[in-house]
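Comments concern the structure below.
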Amino acid sequence: RSINNGIDLSGEGGMTWIKGRSVNYENLLNDTVRGAGNRLRSNTSGASTTGTNWLSAFNSNGFSLGTDNDVNANGTTFSSWSFRKSKGFFDIVSYTGNGANRTISHGLGCIPGMIIIKSLTSNQSWAVYHRETGATQYLVLNGDTTPATVNATFWQNTEPTENVFSLGTNAQVNGNEEDYIAYVFGGGK
């Protein structure tokens with residue numbers, strides 16, 4: 001089944017987020033950097049999994065679905081959100097952690113308003129930077145806690161710039177030799 005939303009994901013790149021509305025299915029995220037067959041679940045700390053039964057292709061006008069109930073169950077209503085890579089709006093960055101303070105380049109061309117990071121290779125919670133909580137706190141996407149104050153192990157207590165964001169040594173964002181994906185959203189300013 002193909003979903004035509006008019007967004008050129010195959011040519012421009014981007015991410016989809018799919019969620020069943022009428023049933024309690026998982027939140028599934030796929031992006032063009034990792035490829036259509038690689039999914040993450042934003043409601044868990046689980047690592048990336050592979051298979052074409054969820055999202056099978058990114059297209060020039062949307063995306064195609066497989067047959068898995070989490071995305072295509074008969075009689076179930078779903079919502080999907082697509083974020084196309086675009087300066088000032090959205091970028092996707094993949095990197096391998098080094099366990100040391102560092103900066104990571106992004107292509108937004110503006111200061112990010114939110115950064116969502118997930119380890120692809122281990123069961124780490126999703127770490128979220130948001131401009132309203134600042135670089136001295138973090139949020140957990142797959143949790144329901146209030147912003148947690150942290151030492152510099154997440155964002156080095158350093159606000160992101162129009163070119164880079166800072167990472168500390170925490171395994172949720174920069175564990176040595178772990179692979180990560182960062183979804184970087186424009187700040188709207």
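The values are calculated or read from the model by the stated rules, or taken from the named source; none is laboratory data. Values in this document were obtained by computation on a predicted structure and should not be read as measured data. So basically every Cβ, Gly included, is an ideal-geometry build from the backbone, and we count neighbours across all protein chains shown. Remember, those area values only see protein heavy atoms, side chains included, never the ligands or the DNA or RNA. Shrake-Rupley method; radii C 1.70, N 1.55, O 1.52, S 1.80 Å.
Summary of values
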| item | result |
| --- | --- |
| Flag for T153 being within 15 Å of I117 (Cβ to Cβ) and of a type in the set (S, T, N, Q) | yes |
| Leading residue by the ranking (least open to solvent (accessible area, probe 1.4 Å)) among those in the stretch 18-37 that are under 12 Å from the mean Cα position of the chain (by Cα) and among the polar types (S, T, N, Q) | N30 |
| Where K118 falls short, out of the listed (1) under 30 Å from S22 (Cα atoms); (2) part of a loop (DSSP other than H, G, I, E, B); (3) open to solvent by less than 60 Å² (accessible area, probe 1.4 Å) | (2) |
| Close pairs from the stretch 74-99: first touching a residue at least 60 places away in the same chain (Cβ under 8 Å) and surrounded by 18 or more Cβ atoms within 10 Å (Cβ to Cβ), partner of a type in the set (S, T, N, Q) and in a strand (DSSP E or B), Cβ under 9 Å, at least 6 apart | S82/T16; F83/T16; V93/S105; G97/S119 |
| Residue tally, condition closer than 19 Å to S94 by Cα and among the acidic types (D, E), over the stretch 108-165 | 1 |
| Pairs, first on the phi > 0 side of the Ramachandran plot in the stretch 135-156, second surrounded by fewer than 16 Cβ atoms within 10 Å (Cβ to Cβ), C-beta under 6 Å, six or more apart | Q156/N101 |
| Test: residue in the stretch 135-157 that is among the aliphatic types (A, V, I, L, M), open to solvent by less than 30 Å² (accessible area, probe 1.4 Å) and either closer than 24 Å to T16 by Cβ or within 14 Å of the chain's Cα centre (by Cα) (or both) | no |
| The stretch 38-69, subset among the hydroxyl-bearing types (S, T, Y) and assigned to a loop (DSSP other than H, G, I, E, B), residue least open to solvent (accessible area, probe 1.4 Å) | S42 |
| Considering residues of the stretch 158-189 that are hydrophobic (A, V, I, L, M, F, W, C) and not in a strand (DSSP E or B) only, the residue least open to solvent (accessible area, probe 1.4 Å) | V173 |
